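Report on the structure given below.
Just so you know, all these numbers are worked out from the coordinates, no wet-lab data involved. In this text the structure is predicted, and so the values were computed from the model without any measurement. Cβ coordinates were reconstructed from backbone atoms using ideal geometry, including for glycine residues, and neighbour counts include every protein chain displayed.
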Amino acid sequence: MNLLSAKNLSHTFDYELFSNISLDLESGESIAIIGVSGSGKSTLLHILSTLLKPNKGSVSLFGEDVSKMQKKRLAEIKRNEIGLVFQSHYLFKGFTSFENLEVAAILSNQEVDSALLKRLNIDGTIHQKVTELSGGQQQRVSIARVLTKKPRLLFVDEPTGNLDKTTAHEVMDIFFEYLKEYNAGMVLVTHDEALAYKCSKVYKLFNKELVKVD
Ligand SMILES: Nc1ncnc2c1ncn2[C@@H]1O[C@H](COP(=O)(O)OP(=O)(O)OP(=O)(O)O)[C@@H](O)[C@H]1O
Ligand SMILES: [Mg+2]
C-alpha cells in the first residue's frame, strides 16, 4: 500500500532549497535522506509530514492529497497515523517519562507498551521527571512516546543525535522491528551513513535535487 506520495515539490526560504522533488513510500519500506547541513532535509521532512506547505507540488498520505483534506481528517491522521521524531524532542518537562507516554496513549487510544520501554532501556527511569534524565534517555522516551501511538508512518529527523554509536544502532533496530511488525513506513533524515544504509532506499539532497544513492 502507498503510504506517501510526493510530487514535484519545490521550496524556497531566502533562496531555493530544492525543486521538483518526487518521492514514494510503501508499507514496510524505509527511506533515508542524507545531505550536508543546510541542504533542506528537515524542511523536506516538515513538508512530507504536513507541518509545512510546499511552495509547489503536492503530498498525498494514504492516497489522499493533503492540500484537499478536510481539517478534521488531517488532524485525525496527524494524531493517529503519523509519528514524528524530531531533532529536538518536545517532551512535557514538568512530567515524568511515564506521564508523557500516558498522554500519547490516551490521545491515540493505545496502551503504554512495557516491552518497548524495556527494549529502549528506559523502564528503570520511567517514573523520574524528564528533566532528571540524560539527553539520550530523553531522546529514547520521545521515541517510546511516538511508537506508543502505533503510527503507520514515521518521520524521523536525526533520532540518534544524542546517542553513542552502539545505542544509536540499537535504537534504530527498534524502529526497523516496528516497521516489520506493523507494516509501517519510515522516512529517516540522518547524517550517519551507516544508519542510512539500513533503510530500503537511500537518497541524497544535493544541488537542490533528491538523488538516489545505491
Ligand atoms: N522557517 C524558516 N525560515 C527561514 N529559513 C529557514 C526556515 N527553516 C529553515 N530555513 C533555512 O533553510 C535552510 C535549510 O534548513 P534545514 O533545516 O532544512 O536544513 P537541514 O538539511 O535539515 O540541515 P541540518 O543537517 O543542519 O539539520 C537553512 O539555510 C535554514 O536556515
Ligand atoms: Mg535538519
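Numerical summary
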| read-out | value |
| --- | --- |
| Positive dipole terminus of the chain, leading residue within ALA144, ILE122, SER22 (C-beta point charges) | SER22 |
| Shape box of the range 136-212 [Cα atoms, principal axes, largest first, Å] | 36, 28, 18 |
| Alpha-carbon centroids, the range 93-128 and the range 10-87: separation in whole Å | 27 |
| Ranked packing of 187-193, 121-127, 69-75, most packed first, by mean Cβ within 10 Å | 187-193, 121-127, 69-75 |
| Too-long pairs where the Cα-Cα distance tops 27 Å, listed order kept, from LYS53/LYS212; LYS56/LYS204; LYS118/LYS149; LYS56/LYS78; LYS7/LYS93 | LYS7/LYS93 |
| Cα-centre dipole for the range 1-99 with unit charges at Cβ (Lys and Arg positive, Asp and Glu negative), debye to 20 | 380 |
| Whole-number Å³ per residue for the convex hull built on Cα positions in the chain | 121 |
| Coarse-grained scattering of the range 120-171 at q = 0.17 Å⁻¹, given as base-10 log I(q)/I(0) from a Debye sum over alpha-carbon atoms | -0.53 |
| Cβ charges +1 (Lys, Arg) and -1 (Asp, Glu), total dipole of the range 136-214, debye | 340 |
| Dipole magnitude of the range 96-135, debye to nearest 20 (Cβ charges: Lys/Arg +1, Asp/Glu -1, about Cα centre) | 120 |
| Selected from SER5, ASN207, LEU188, residue furthest toward positive end of dipole (the chain; charges at beta carbon) | SER5 |
| Gain in span if fully extended, GLU193 to VAL36, counting 0.36 nm per residue against the direct Cα distance | 55.4 nm |
| Cα convex hull volume per residue for the range 62-117 (Å³) | 127 |
| Cα gyration tensor shape for the range 88-160, rounded if a/c is under 1.5, else prolate or oblate | rounded |
| Solution diffusion estimate, µm²/s, Stokes-Einstein, the range 21-73, Kirkwood Rh from C-alpha pairs, 25 °C, viscosity 0.890 mPa s | 196 |
| Computed E for SER134/HIS169 - FRET, C-beta separation, R0 25 angstrom, nearest 0.05 | 0.85 |
